[in-house]
1. How large is the helix-only mean residue ellipticity at 222 nm for the chain, computed as the sum of -39500 (n - 2.57) over DSSP H runs with n ≥ 4, divided by its residue count, in deg cm²/dmol to the nearest 500?
2. Can you work out the FRET efficiency for the pair Ala30 and Arg53, with r the C-beta to C-beta distance and R0 = 30 Å, to the nearest 0.05?
3. Relative to the present Cα-Cα distance, how much length would full extension add between Ala23 and Arg79 at 0.36 nm per residue of separation?
4. Using only Cα positions of the chain, each an equal point scatterer, no hydration layer, compute I(q)/I(0) via Debye at q = 0.10, 0.14, 0.19 Å⁻¹ and quote the log10 values to two decimals.
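Laboratory data are not the source of any read-out in this text; all were calculated from the coordinates shown. From a predicted model like this one, the values you see are computed outputs, not experimental measurements. Because the Cβ atoms are built from the backbone with ideal geometry, glycine has one as well, and the counts that use them run over all protein chains shown.
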Amino acid sequence: MTTQKPKKAMGAAGDPLAAAAAAYAAGLAAEKAAIRAVEEARRARQAAGEKMRAARDALAAQIVAEAKAGIRQKDILERLAGVYTRESVRRICREAGVEPND
């Protein structure tokens with residue numbers, strides 16, 4: 001019959017194995033949180049891209065409608081507040097089969 005020495009009650013600070021295990025568990029938790037954050041950011045980026053594409057298409061349609069109505073390109077550009085250049089407006093109109101009014 002062997003007798004075992006009573007185990008000392010040590011905290012993680014006094015037990016290197018427990019301290020290493022706690023650090024590893026904390027690392028796992030941090031990694032999982034970072035992975036979740038990246039996935040959430042990817043979904044947010046995708047949603048923002050879809051929203052931007054829809055807004056861009058609506059803007060292009062409105063530019064074409066304005067050009068078809070005879071609004072001068074200069075007036076369209078002023079109302080765009082720097083969103084597009086003159087050449088971009090021309091390209092949008094031409095792709096829709098409309099020659100912009102200068």
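1. One gets -24500 deg cm²/dmol as the mean residue ellipticity at 222 nm.
2. Working: r = 35 Å, r/R0 = 1.16.
My answer for the efficiency is 0.30.
3. Numbers: separation 56, 0.36 × 56 = 20.16 nm, distance 5.79 nm.
Length gained, Ala23 through Arg79: 14.4 nm.
4. For the chain at q = 0.10, 0.14, 0.19 Å⁻¹, log10 I(q)/I(0) is -0.55, -0.72, -0.93.
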